[in-house]
Amino acid sequence: MDPISLVFLSFCSKNTKKKVELVKYSIKVKGFVHCCSRGHYLGLDFHHSSLLLYFKAREGKTNLEVKSFHQTINEIKFHFKLESDGMYIEEAKDVDIMFTVINYILNLFRTDLDIVSVFANKLSSVQALASQPAIRTAREVGLLGCHGGSNSAADLLTLYNNLNGPLKYADVWPAIDGEMGLLPKLFGAENLFAAKSAWIQEEHFLSSNSRFMLLKKSKLNEDAIISFLKQWLDGGFTRLEMMMIWFETEHWINSEQVLNSFEWKRWDPEKRSQKFEFKPLWASVLVRGETSLNSDCEKGYDIERSDGLLATVLLPPEGNAIFFHVWHKRFH
């Protein structure tokens with residue numbers, strides 16, 4: 001029986017609900033996410049079927065007969081419509097109302113969320129979202145945004161500091177306004193991406209422990225980059241494999257100042273490969289069209305720390321970007 005039918009079956013009686021709950025389910029993907037055309041929705045991907053629950057009316061016409069019914073959950077009455085592409089309920093932005101249904105379904109299948117990717121400005125409260133136990137175990141957490149939009153520092157702090165962690169992916173798309181405290185869960189994510197990273201200060205940058213970090217429109221200065229390189233030479237950033245930073249046009253860095261602060265070596269073919277390979281698909285999607293993840297390091301600057309770990313810095317003369325590659329595996 002498909003998962004949507006199981007949800008309907010659970011509404012029939014307490015007895016049928018218990019029977020559905022007793023079954024062990026294999027669910028590959030479990031997310032509360034947002035897309036431009038559908039808004040926020042719950043998506044559960046079972047091996048041979050899926051469950052999609054949308055919190056808005058379906059757009060466009062359908063030639064199929066629509067099944068419609070009402071169901072009360074925790075004293076809140078919901079109007080469900082079953083379409084060919086999933087379930088729909090009345091449009092909702094209130095987090096508590098949405099999660100009344102979401103939690104019912106997650107509890108029915110005895111699972112939590114793995115992925116949370118939300119548009120904060122289209123939710124009633126980030127605080128209410130962060131308080132939901134179902135999201136705290138998520139391994140992939142993103143804060144989405146649109147061109148010209150921004151979110152408050154309070155939203156970001158609330159969302160990420162309430163997670164259990166550790167995070168596999170974290171992505172922050174909008175600009176962030178306001179004073180920002182430390183975010184150990186965000187900057188401890190294995191993969192970190194910030195599209196408008198002017199809000200990231202030196203203290204955030206130096207507290208990171210990511211494997212892959214991509215920052216766009218950064219305002220980090222030469223001192224922050226030099227401090228980062230010194231900290232790496234002293235044994236810091238143990239997981240880091242690749243860091244890529246593009247700077248705001250008005251905040252390009254002085255490349256010579258950075259290079260003159262260290263003793264560099266040019267490429268030695270006996271010590272490492274010419275090209276640095278970084279393979280995760282998620283990373284390649286984010287940087288597509290901007291730089292290859294198969295970076296040519298022939299003209300890079302090499303530094304080696306006391307434990308023998310080697311890294312290459314690629315620093316364009318104009319100072320618009322910096323790429324930092326760590327050779328955990330020297331030859332590919």
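Any read-out appearing in this document is the output of simple, stated calculations on the displayed coordinates, not a laboratory observation. In this text the structure is predicted, and so the values were computed from the model without any measurement. Neighbour counts are summed over all protein chains in view; Cβ atoms, including those assigned to glycine, are modelled from backbone coordinates with ideal geometry.
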Would you mind checking Lys271/Lys329; Lys28/Lys196; Lys196/Lys230; Lys279/Lys329 for any pair whose Cα atoms are more than 22 angstrom apart?
-> Lys28/Lys196; Lys196/Lys230
Rounded if a/c is under 1.5, else prolate if a/b beats b/c, else oblate: with a ≥ b ≥ c from the C-alpha gyration tensor eigenvalues square-rooted, which is the chain?
-> prolate
For the stretch 37-47, what does the Karplus curve 6.51 cos²θ - 1.76 cosθ + 1.60, with θ = phi - 60°, yield as ³J(HN,Hα) per residue in whole Hz, taken in order and with x for Gly and Pro?
-> 7, 10, x, 6, 8, 9, x, 10, 9, 7, 5
Among Leu310, Leu229, Leu159, what is the fewest-to-most ranking by other Cβ atoms within 10 Å?
-> Leu310, Leu229, Leu159
Of Lys30/Lys56; Lys19/Lys67; Lys67/Lys168; Lys122/Lys219, those spanning more than 30 Å from alpha-carbon to alpha-carbon = Lys67/Lys168
Please say if the stretch 193-332 is rounded, prolate or oblate, where rounded means a/c under 1.5 for a ≥ b ≥ c the square roots of the C-alpha gyration tensor eigenvalues, and otherwise the choice is prolate for a/b larger than b/c and oblate otherwise?
-> rounded
Show the residues, 5+ positions off or on another chain, whose built amide H is closer than 5 Å to the amide H of Asn151.
-> Ala175, Ile176, Asp177
Residues in the stretch 158-176 near a label at Ser207, defined as backbone nitrogen under 19 Å from the 7 Å Cα→Cβ point?
-> 158-173, 176
Find the relative contact order for the chain and round it to a whole percent, using C-alpha pairs within less than 8 Å whose residues are 6+ positions apart.
-> 9 percent
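Counting other Cβ atoms within 10 Å of each Cβ, which trypsin sites (Lys or Arg not before Pro) in the stretch 88-191 have at most 13 and sit in a DSSP loop?
Passing sites in the stretch 88-191 are Arg110.
Would you calculate a helix-derived [θ] at 222 nm for the chain, using -39,500 (n - 2.57) for each DSSP H run of n ≥ 4 and dividing by the full residue count, to the nearest 500?
Value at 222 nm, helices only, nearest 500: -6000 deg cm²/dmol.
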Placed amide H near Phe46: partners under 5 Å, 5+ positions off or other chain | Lys28, Leu51
Kindly write out, for the stretch 72-85 in residue order, the coupling ³J(HN,Hα) from the Karplus curve 6.51 cos²θ - 1.76 cosθ + 1.60 (θ = phi - 60°), rounded to whole Hz, with x marking Gly and Pro.
-> 9, 10, 6, 6, 10, 8, 10, 9, 8, 10, 9, 10, 5, 10
Calculated from backbone phi, Karplus (6.51, -1.76, 1.60) coupling profile of the stretch 306-311 in Hz, x at Gly/Pro = 5, 7, x, 6, 10, 9
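Starting from the Cα-Cα distance between His328 and Cys35, subtract it from 0.36 nm times their residue separation and give me the gain in nm to one decimal.
Working: separation 293, 0.36 × 293 = 105.48 nm, distance 3.68 nm.
Fully extending the segment from His328 to Cys35 adds 101.8 nm.
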Would you grab the residues whose amide H sits under 5 Å from the one on Phe78? Only those 5+ places off in sequence or on another chain, please, with H modelled 1.01 Å from N.
-> Gln71, Thr72, Ile73
